[in-house]
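Below is one structure, written out as structure tokens, with a few remarks after it.
Coordinate-derived values only; no laboratory data. Note that this is a predicted model, so its numbers are computed, not measured. Cβ placement follows ideal geometry from the backbone for every residue including glycine, while neighbour counts extend to all protein chains displayed.
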């Protein structure tokens, strides 16, 4: 019997993540074991554990990989700050709604991520806050916003936007309602940033 050619560790990690994500999307995080993932790849569970010490670590790696895919959601444009803020929020909302539609088990994975305090979730929020802070800083530079602490302002805006961006909170709402809420929140945040020092 011919031996399979030896593969690079990074290729094996990618294969494991891709198969795990596919299985999680099809049957749910709880229903899938490391043994299921290994069997689907024709490898031993020990080989999966060699690359990911737990199923939670595997979810974190999958989420981290998706973070690199969100770059298009953070595109800078030349619009006025209020318009940039609205476009940014609506792009994120569309992206989250698409994820929910494609992945019926997203609740499960989000709740596991929260419970396990997965690092990718924190990094995702940091990226959102960084983009919001850049928009606020630009608003200050052009004289629209009067915020002395753009980081604090960005964190506050991110907290308020949770109601239209968190998968658990938006999954049962229709898109039209969410878009209207997002517009109202952006209008409120824009007015607050113009009229108060944060």
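Kindly identify the range 10-62 as rounded, prolate or oblate by the Cα gyration tensor criterion: order the square roots of the eigenvalues as a ≥ b ≥ c, call it rounded if a/c is under 1.5, otherwise compare a/b with b/c, prolate if a/b is larger, else oblate.
In terms of gyration-tensor shape, rounded.
Taking 0.36 nm per residue of sequence separation and subtracting the Cα-Cα distance, how much length would be gained by fully extending the chain between residue 35 and residue 57, in nm to one decimal?
Fully extending the segment from residue 35 to residue 57 adds 6.4 nm.
Multiply the residue separation of residue 42 and residue 176 by 0.36 nm, subtract the distance between their alpha-carbon atoms, and state the gained length in nm to one decimal.
Here the segment from residue 42 to residue 176 would lengthen by 43.8 nm.
Just to be sure I understand the model, the point goes 7 Å from the Cα along the line to the Cβ. What's the resulting residue 102 to residue 169 distance in nm?
Each label point is offset 7 Å from its Cα along the Cβ direction, giving 2.4 nm.
Counting pairs of alpha carbon atoms under 8 Å apart in space and at least six apart in sequence, what relative contact order in percent does the range 121-181 give?
26 percent
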